[in-house]
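These notes concern the structure reproduced below.
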Amino acid sequence: MQELKNNGNKAKRGRRVKQGEVARVIEYAGDCLFIRIKVPVTERSAFNRPGAFIFIRYLENTFFDVPISVIYEENETDTIGLLIQMRGVKTNQFRELKKGDRVFYRGPYLNGLLGKKEAACVHDGMATVICRGIGFFPSLHVIMMLAKNRNKVNIYMDKGSFDEHLLNTIIDLYEVSITETDICDSEGELTDNICGIIDREIADGTRLIHLGLSDYLLKKAIEKIRKADRKPGPFISCINNAHMCCGEGICGACTKNPDPSRIIHLCKEQVDISEYAGVI
Ligand code: FES
């Protein structure tokens with residue numbers, strides 16, 4: 001609304017589709033692909049914000065647009081890094097990708113994290129990050145922001161289908177210390193281990209719990225945190241797993257209705273995490 005008003009009540013043009021050259025492709029076991037795309041150096045800093053993601057495709061047809069988080073990076077370069085887990089019709093298009101190919105992308109869009117404000121206001125304290133598999137990469141921005149704000153960050157990770165080699169690469173590259181743990185048991189419930197960790201971290205005074213999990217586990221973890229004895233409980237932030245199509249708040253693919261009078265556009269809106277847990 002502010003942008004509309006600043007623009008004389010005229011809608012701005014949506015983001016345009018651009019072409020980028022693939023500068024690097026590394027394949028990891030577990031169908032994971034790390035790719036590096038060249039972007040104009042003047043636009044590079046816009047991609048390195050918490051919650052930044054782009055829509056990217058290799059094929060001409062816009063149907064194949066996939067929203068992928070831009071990986072946190074320390075240095076300014078003329079490229080951005082993306083980690084893609086090839087799991088379906090859209091992500092499988094990247095299987096044949098090689099250095100020098102061109103891809104189509106639009107963005108950056110900035111709503112890939114929910115609870116950004118809460119995460120940004122935690123300073124000089126303790127924070128907890130709980131991730132599973134690919135959920136680690138969109139969480140990297142939050143981890144680095146918390147570390148820069150002089151917080152002690154405890155990271156618990158279930159590597160899921162991730163390869164051990166990729167996990168070690170993450171630890172070496174980002175110099176983070178990770179405690180490996182199982183988050184989900186064979187019944188699809190949170191394990192006793194992770195429930196114990198959540199209780200302990202809350203009792204120890206963690207001020208923020210960030211969750212990099214699938215919607216199914218997110219809901220369970222948020223319910224568990226909300227039931228904790230400490231009141232008020234810690235802030236919660238999480239990755240935004242909404243199914244997105246346009247990213248501009250137009251098509252309605254990402255909308256949820258917490259009640260009949262309210263529509264949330266998850267591609268654009270920051271929502272209260274408890275409200276989010278109620279609609280996923
Ligand atoms: S993705 Fe189209 S409205 Fe959100």
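The values are calculated or read from the model by the stated rules, or taken from the named source; none is laboratory data. Here the structure is a predicted model, which is why all the values come from computation and not from measurement. Positions of Cβ are backbone-derived with ideal geometry, glycine not excepted, and every protein chain shown enters the neighbour counts.
Hey, can you tell me all the residues within the range 46-94 that are charged (D, E, K, R) and farther than 17 Å from residue 134 by Cα? Full working, then the answer.
Residues of the range 46-94 charged (D, E, K, R): 49, 57, 60, 65, 73-74, 76, 78, 87, 90.
Matches in the range 46-94: 49, 57, 60, 65, 74, 76, 78.
Residue 160 is checked against (1) more than 17 Å from the chain's Cα centre (by Cα); (2) at positive phi and fails just one. What number does that condition carry?
The number of the failed condition is (1).
Return the only residue of 52, 46 being assigned by TED's automatic domain parsing to the domain that holds residue 102 and either among the hydroxyl-bearing types (Ser, Thr, Tyr) or at pLDDT below 90 (or both).
Details: 52 fails: either among the hydroxyl-bearing types (Ser, Thr, Tyr) or at pLDDT below 90 (or both).
None of the other options fit; the residue is 46.
Each row is one residue, and each column tells you yes or no for (1) in contact with a strand residue (DSSP E or B) (Cβ under 8 Å, 6 or more places away or on another chain); (2) under 28 Å from residue 53 (Cα atoms); (3) surrounded by fewer than 16 Cβ atoms within 10 Å (Cβ to Cβ).
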position: 164; (1), (2), (3): no, yes, yes
position: 173; (1), (2), (3): no, yes, yes
position: 192; (1), (2), (3): no, no, yes
position: 256; (1), (2), (3): yes, yes, no
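Give me the residue from the range 203-244 that is in contact with a strand residue (DSSP E or B) (Cβ under 8 Å, 6 or more places away or on another chain) and in a helix (DSSP H, G or I) and, out of that set, surrounded by the fewest Cβ atoms within 10 Å (Cβ to Cβ).
Here the answer is 224.
Working only within the range 37-87, note down all residues that are closer than 20 Å to residue 139 by Cβ and among the basic types (Lys, Arg).
49, 87
Does the range 251-280 hold any residues that are near the ligand (Cβ under 6 Å from one of its atoms) and without any contact (Cβ under 8 Å) to a residue 60 or more places away in the chain, and which are they?
251, 252, 253, 254, 265
Quick grid of which residues meet (1) within 20 Å of the chain's Cα centre (by Cα); (2) surrounded by 12 or more Cβ atoms within 10 Å (Cβ to Cβ):
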position	(1), (2)
19	no, no
24	no, yes
48	yes, yes
61	no, no
66	yes, yes
69	yes, yes
81	yes, yes
96	no, no
108	yes, yes
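Given the conditions (1) under 28 Å from residue 144 (Cα atoms); (2) in contact with a helix residue (DSSP H, G or I) (Cβ under 8 Å, 6 or more places away or on another chain); (3) not assigned by TED's automatic domain parsing to the domain that holds residue 148; (4) not in a strand (DSSP E or B), and given that residue 93 satisfies all but one, which numbered condition is not satisfied?
(1)
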